1. Filter the range 17-48 for residues that are under 26 Å from Glu134 (Cβ atoms) and either assigned by TED's automatic domain parsing to the domain that holds Arg92 or in a strand (DSSP E or B) (or both) and give the result.
2. Of the residues Val143, Val99, Val94, Val132, only one is of a type in the set (A, V, I, L, M), surrounded by fewer than 24 Cβ atoms within 10 Å (Cβ to Cβ) and under 22 Å from Thr219 (Cβ atoms); which?
3. So, in the range 146-168, of the ones that are out of contact with any Gly (no Cβ under 8 Å at 6 or more places or on another chain) and outside any loop (DSSP other than H, G, I, E, B), which residue ends up farthest from Leu40 (Cα to Cα)?
4. Identify the single condition in (1) out of contact with any strand residue (DSSP E or B) (no Cβ under 6 Å at 6 or more places or on another chain); (2) modelled with pLDDT of 95 or more; (3) of a type in the set (Lys, Arg) that Lys55 does not satisfy, given that it satisfies every other one.
5. Please verify whether the range 83-95 includes one or more residues that are closer than 30 Å to Gly42 by Cβ, in contact (Cβ under 8 Å) with a residue 60 or more places away in the chain and part of a strand (DSSP E or B).
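The values are calculated or read from the model by the stated rules, or taken from the named source; none is laboratory data. From a predicted model like this one, the values you see are computed outputs, not experimental measurements. Glycine also receives a Cβ, built like all others from the backbone with ideal geometry; neighbour counts cover every protein chain displayed.
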Amino acid sequence: MTRPITVACLCLTLAAVAKGQEIIVFEVPNAVATSPNGILPGGEVIGNWTDSSGKSHGFIRERNGGFTTFDVPGAPSTVVSSFNPGGTISGRSVDGSGVSHGFLRSRQGAFTTFDLPGAGQHFNQGTWAQDVNEAGTVGGYYVDNTGVAHGFIGTPGNFTTFDAPGALSTFSASVDALNPAGDLVGGFFDANSINHGYVRTAAGVLTQIDVSARASTFTVGITPRSVIAGFYQDPAGTHGYVRSPEGLITTFDYP
């Protein structure tokens, strides 16, 4: 009997040679799916892999091809969301009841786990640690006992929570959504089921982002210089945009 395998393909520029880039194809041993999230400055690849029972686990692939797999101690499932250049990883574990709990994993393998006060304790509720920057600041969201999501930012034991004005639920993006200055991007939906993007500065100023009044706008990431990228959906389809630090939005479509 055969089973489907999802193989991760990652293009790594291992040497600046005229012949182009080398493509390395890999999968985590015993995985049915391998999903890289990104690459550290030293060339290590970090991501998630799924086992035959459907549970998620974290992995680090070294430049030499060796793997380190990991789980939050005692957790049946571990989901990696982001990491910083120093190798600290953020994410969430999911317990047997389907409740999510935030975690940080140091480069040395030490775990810090946390739950936001007010986080729900039922299926598909809890704490999502979406991002971590160079300073160790964590951005994310939690889902309360009523199923409403709220944003948070800070460090374990010292988090600030927030909601976008007019939001039914407030989320943060992941992977590249928190820059070194502490600016966080995410999204929220309103009573009309329209999605809006936002950027929240380290000082706590939250600015709503909309490409147009008739579009749902989503943010994907923010650079160290506070350039924001994302996409929007209108009656004509899905399109990309870039927003400058001054608020100028440039839209585009692939040719």
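1. We begin by selecting, within the range 17-48, every residue under 26 Å from Glu134 (Cβ atoms); these are 35-48.
Selection gives Ser35, Pro36, Asn37, Gly38, Ile39, Val45, Ile46, Gly47, Asn48.
2. Numbers: Val99 fails: under 22 Å from Thr219 (Cβ atoms); Val94 fails: under 22 Å from Thr219 (Cβ atoms); Val132 fails: surrounded by fewer than 24 Cβ atoms within 10 Å (Cβ to Cβ).
None of the other options fit; the residue is Val143.
3. Ala149
4. (1)
5. Applying the first criterion (closer than 30 Å to Gly42 by Cβ) to the range 83-95 yields 83-94.
From what is left, the residues that are in contact (Cβ under 8 Å) with a residue 60 or more places away in the chain are none.
No, the range 83-95 contains no residue that is closer than 30 Å to Gly42 by Cβ, in contact (Cβ under 8 Å) with a residue 60 or more places away in the chain and part of a strand (DSSP E or B).
Each row is one residue, and each column tells you yes or no for (1) of a type in the set (Asp, Glu); (2) closer than 22 Å to Pro156 by Cβ; (3) modelled with pLDDT under 95.
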site: Ala16; (1), (2), (3): no, no, yes
site: Val32; (1), (2), (3): no, no, no
site: Asp51; (1), (2), (3): yes, no, no
site: Thr69; (1), (2), (3): no, no, no
site: Ala110; (1), (2), (3): no, yes, no
